[in-house]
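Engineer: Below is one structure. I have some questions about it.
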Amino acid sequence: MVKKNAVIAAGLSAIIGFFVVYYVFYNEEAKVKRRFKELSERISKEPDETKLIAAATINKITRMIQETIQVDIPSRSISKTFARKELAAPIYNVRSHYSNMALRFVDFGIDLSQEGTAAVHVTGNLKGKLLSGESVDETHELYCLLKKDKNDEWLFSSIEIVEVLEK
Amino acid sequence: MPVYPRIKKFIFPDFSVKLLIRVSLVGIAAFLLFSYVLIPFSVKGLSMEPTYADGSFNFCFRPVTLFSKPEKQDVVVIRLAGKKIMLLKRVVATENEIVEFRNGRLFVNGNMLLEPYVRYSSGWNLPPRQVKKNHVYVIGDNRGVSIEKHQFGQTPVNRIVGTPLW
């Protein structure tokens, strides 16, 4: 009797554990957050980064993006659609101004109500040092749209820096 | 009962259902208090120096927004996408007022504002702009950086989460 109860308890624990792991690691919201974590790791830069590593990193960043991406930065009057292959040069230009940089995303608000689309409100914080020695510490709210491709991967289709404080 | 065993019993009480219930209630009350009423935060950055130093600790008192609208010279906490990172700024103008900077001096509706809290200043110039309805104009106290580097401007009142407790 005791052995039978122990087996049932172990079985139930295994089933519950399976569903908990599946929900935590494999649901769509977790996948979207992992995508942002990957983006922050790719964009971040160490001082000893070589040009070869930079090129490989930028290639990985562009593969996280749809065929085209809409970029909106109202405070700089930027509203433009970029093709994926056009992105390598501007990303390289921006990263090359920094000796080191670290990007992190917090406070995710993810809306998956539309099939195949994730609308994400998130706070992004960029810390780093420019080549001139000047320190940078900027925080902005972002509104991003991600869409699923045929391989079931979430790719960025638009990024907007929300103007919280309008000068 | 001698003192030492009483202290030991106080710090390491016997486990019981009553103790478990008490600890759970204290935990739930603390969670509700520090999530919805008094949000602890630490200041990161120099934009509100010298009023709030980088690294200083405080609480964001949320209920104040339920009873009154923010007024001029109030220091407020502004929400971004969530509550983990927020902005700390001072209200300098309310809706429909005209704000401008002339050579580092702040003018509201054409009148220069006295700002005893500002210690570091640069020669900021900003053409006049009107604060929209249901918005307030907020700026940090540290004006010692260039105007491009300082994050300030008008924001909707519903983004204001609370005020620092001290």
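Engineer: Considering chain B as a Gaussian network with a 10 Å cut-off on Cα pairs, which listed residue, B:I11, B:I98, B:I147, attains the greatest mean-square fluctuation?
Structural biologist: Answer for the Gaussian network model of chain B: B:I11.
Engineer: So, in Å, what gap is there between the alpha-carbon centers of the stretch B:5-48 and the stretch A:38-64?
Structural biologist: 43
Engineer: Could you pull out the pairs from A:K129/B:K44; A:K147/B:K83; A:K45/B:K89; A:K33/A:K147; A:K31/A:K129 whose alpha carbons sit more than 20 Å apart here? Please list the in-between numbers first.
Structural biologist: Working: A:K129/B:K44 17 Å; A:K147/B:K83 26 Å; A:K45/B:K89 30 Å; A:K33/A:K147 13 Å; A:K31/A:K129 31 Å.
The answer is A:K147/B:K83; A:K45/B:K89; A:K31/A:K129.
Engineer: Given the convex hull of the Cα atoms of the stretch B:34-89, what is a quarter of its surface area in nm²?
Structural biologist: On the way: hull surface 16.3 nm².
Mean shadow area of the hull around the Cα atoms is 4.1 nm².
Engineer: Take the alpha carbon atoms of chain A, find their radius of gyration, then divide it by 2.2 N^0.38 Å using N residues; give the quotient.
Structural biologist: Working: Rg = 20.3 Å, N = 167, 2.2 N^0.38 = 15.4 Å.
Rounded to two decimals, the normalised Rg is 1.32.
Engineer: In addition: Return the carbon/sulfur percentage of the accessible area of the protein assembly as shown, one whole number, probe 1.4 Å, all protein chains in place.
Structural biologist: Percent of accessible area from carbon and sulfur atoms in the protein assembly as shown: 60.
Engineer: Continuing with this model, one more query. Is it possible to state the helix-based mean residue ellipticity at 222 nm for chain A, with each DSSP H run of 4+ residues giving -39500 (n - 2.57), the sum divided by total residues, to the nearest 500 deg cm²/dmol? What is it? Walk me through the numbers before you get to the answer.
Structural biologist: Numbers: 4 runs with 62 residues, N = 167.
Per the formula, -12000 deg cm²/dmol.
Engineer: Let me ask you something else. Can you give the net charge of the other residues whose Cβ lies under 13 Å from the Cβ of A:R42, counting K and R as +1 and D and E as -1? Walk me through the numbers before you get to the answer.
Structural biologist: Details: positive: A:R34, A:R35, A:K37, A:K45, A:K60, A:R63, A:R95, A:R104; negative: A:E38, A:E41, A:E46, A:E49.
Summing Lys and Arg as +1 and Asp and Glu as -1 gives +4.
Engineer: Calculate the dipole size of chain A relative to its Cα centre from +1 charges on Lys and Arg beta carbons and -1 charges on Asp and Glu beta carbons; express the result in debye to the nearest 20. List each step's numbers first, then the result.
Structural biologist: Working: 24 positive and 23 negative charges, 137 e Å.
For chain A, the charge dipole is close to 660 debye.
Engineer: Another question about this same structure. If exposed GluC sites (Glu not before Pro) are those in a DSSP loop with at most 13 other Cβ within 10 Å, what is the longest stretch of chain A that has none? Please report the intermediate quantities before stating the final value.
Structural biologist: Details: sites that count: A:E115, A:E134, A:E153.
Between exposed loop sites, the widest span is A:1-114.
Engineer: Another question, then. If the only charges are +1 at each Lys and Arg Cβ and -1 at each Asp and Glu Cβ, what is the size of the charge dipole of the stretch B:25-143 around the Cα centre, to the nearest 20 debye? Walk me through the numbers before you get to the answer.
Structural biologist: Values: 16 positive and 9 negative charges, 59 e Å.
My answer is approximately 280 debye.
Engineer: Just give the residues from the stretch B:74-113 buried by at least 50 square angstrom of accessible area in the all-chains context relative to the isolated chain, probe 1.4 Å, and say none if nothing qualifies.
Structural biologist: B:L80, B:A81, B:I85
Engineer: Here's a follow-up. What value, in deg cm²/dmol to 500, does the helix sum -39500 (n - 2.57) over DSSP H runs of n ≥ 4 give at 222 nm once divided by the residues of chain B?
Structural biologist: Numbers: 3 runs with 29 residues, N = 166.
Only helices count here, giving -5000 deg cm²/dmol.
Engineer: So what does A:K148 come to for accessible area, using a 1.4 Å probe and Å² rounded to 10?
Structural biologist: 60
Engineer: Here is a further query. Below 13 angstrom from the Cβ of B:S35, what's the summed charge of the other residues (Lys, Arg +1; Asp, Glu -1)? Write out the running numbers ahead of the final one.
Structural biologist: On the way: positive: B:R62, B:K83, B:K84; negative: none.
Local net charge: +3.
Engineer: Quick one: net charge around B:G144, please, counting Lys, Arg +1 and Asp, Glu -1 for every other residue with C-beta under 12 Å from its C-beta.
Structural biologist: Numbers: positive: B:R119, B:R143, B:K149; negative: B:E49, B:D141.
In short, +1.
Engineer: Report the dimensions of the stretch A:1-76 along its three principal axes from the alpha-carbon atoms, largest first, rounded to Å.
Structural biologist: 70, 33, 23
Engineer: Angle between the Cα long axis of helix B:17-32 and the longest principal axis of chain B, 0 to 90 degrees, nearest 10?
Structural biologist: Between the helix axis and the principal axis of chain B, the angle is about 0 degrees.
Engineer: Something else now. For B:F57, B:F67, A:F36, what's the largest-to-smallest order of accessible area, 1.4 Å probe? Provide the component values of the computation, followed by the final result.
Structural biologist: On the way: B:F57 105, B:F67 170, A:F36 0 Å².
So the residues, ranked largest to smallest area, are B:F67, B:F57, A:F36.
Engineer: Going through the DSSP H helices of chain A, which span 24 Å or more along their own axis at the Cα atoms while scoring at least 0.5 as a mean Kyte-Doolittle hydropathy?
Structural biologist: Working: long enough: A:2-26 (35 Å, 1.48).
Taking the DSSP H segments of chain A (at least 24 Å long, mean hydropathy at least 0.5), we get A:2-26.
Engineer: Among B:V76, B:A30, B:I147, which residue has its Cα furthest toward the positive end of the charge dipole of chain B, with +1 on Lys/Arg Cβ and -1 on Asp/Glu Cβ?
Structural biologist: Selected residue: B:A30.
Engineer: Per residue, how large is the accessible surface of the protein assembly as shown? Use a 1.4 angstrom probe and give square angstrom. All intermediate terms of the calculation are to be shown ahead of the outcome.
Structural biologist: Values: 20530 Å² over 333 residues.
In whole numbers, the protein assembly as shown has 62 Å² accessible per residue.
Engineer: Using a ≥ b ≥ c from the Cα gyration tensor of the stretch B:85-126 (square roots of the eigenvalues), is it rounded, prolate or oblate, where a/c under 1.5 gives rounded and otherwise the larger of a/b and b/c decides, a/b for prolate? The partial results should precede the final answer.
Structural biologist: Working: a/c = 1.72, a/b = 1.11, b/c = 1.55.
Oblate, since a/c reaches 1.5 and b/c is not below a/b.
Engineer: Which far-off residues, 5 or more places away or on another chain, put their amide H under 5 Å from the one on B:L80, with H placed in the peptide plane?
Structural biologist: Under 5 Å from the amide H of B:L80 lie the amide H atoms of B:L87, each far enough along the sequence or on another chain.
Engineer: Taking the Cα centre of the protein assembly as shown as the origin, how large is its charge dipole in debye, to the nearest 20, when only Lys and Arg (+1) and Asp and Glu (-1) carry charge on their Cβ atoms? Walk me through the numbers before you get to the answer.
Structural biologist: Numbers: 47 positive and 34 negative charges, 193 e Å.
With only Lys, Arg, Asp and Glu charged at Cβ, the dipole is about 920 debye.
Engineer: Which value, in square angstrom to the nearest 100, describes the accessible area buried between chains A and B on both sides, using a 1.4 angstrom probe? Kindly include the intermediate steps, with their values, before the conclusion.
Structural biologist: On the way: alone 11390 and 10800 Å², together 20530 Å².
Using a 1.4 Å probe, the pair buries roughly 1700 Å².
Engineer: When only alpha-carbon atoms are used, what values of Rg and Dmax, in angstrom, describe the protein assembly as shown?
Structural biologist: Looking at the protein assembly as shown, its Cα Rg and Dmax stand at 25.3, 87 Å.
Engineer: Now, a different point. Can you give me the P(r) profile for the stretch A:78-167? Cα pairs, bins 10 angstrom wide beginning at 0, each as a whole percent.
Structural biologist: In whole percents, the pair-distance histogram is 14, 37, 39, 10, 1.
Engineer: If every alpha-carbon in the stretch B:81-166 counts as one equal scatterer, what log10 I(q)/I(0) does Debye give at q = 0.18, 0.19 1/Å?
Structural biologist: Scattering profile of the stretch B:81-166, log10 relative to I(0): -0.82, -0.91.
Engineer: Now for a different question. Using each residue's phi in the stretch B:97-114, evaluate 6.51 cos²θ - 1.76 cosθ + 1.60 at θ = phi - 60° and report the 3J(HN,Hα) Karplus result to the nearest Hz, with x for Gly and Pro.
Structural biologist: 7, 9, 10, 8, 10, 10, 6, x, 9, 8, 10, 10, 6, x, 9, 5, 8, 7
The values are calculated or read from the model by the stated rules, or taken from the named source; none is laboratory data. None of the values given here were measured: they were computed from a predicted structure. Ideal geometry is used to build each Cβ from the backbone, glycine not excepted, and the neighbour counts take in all protein chains shown. Ligands, DNA and RNA are excluded from the accessible area calculation, which covers all protein heavy atoms including side chains. Shrake-Rupley method; radii C 1.70, N 1.55, O 1.52, S 1.80 Å.
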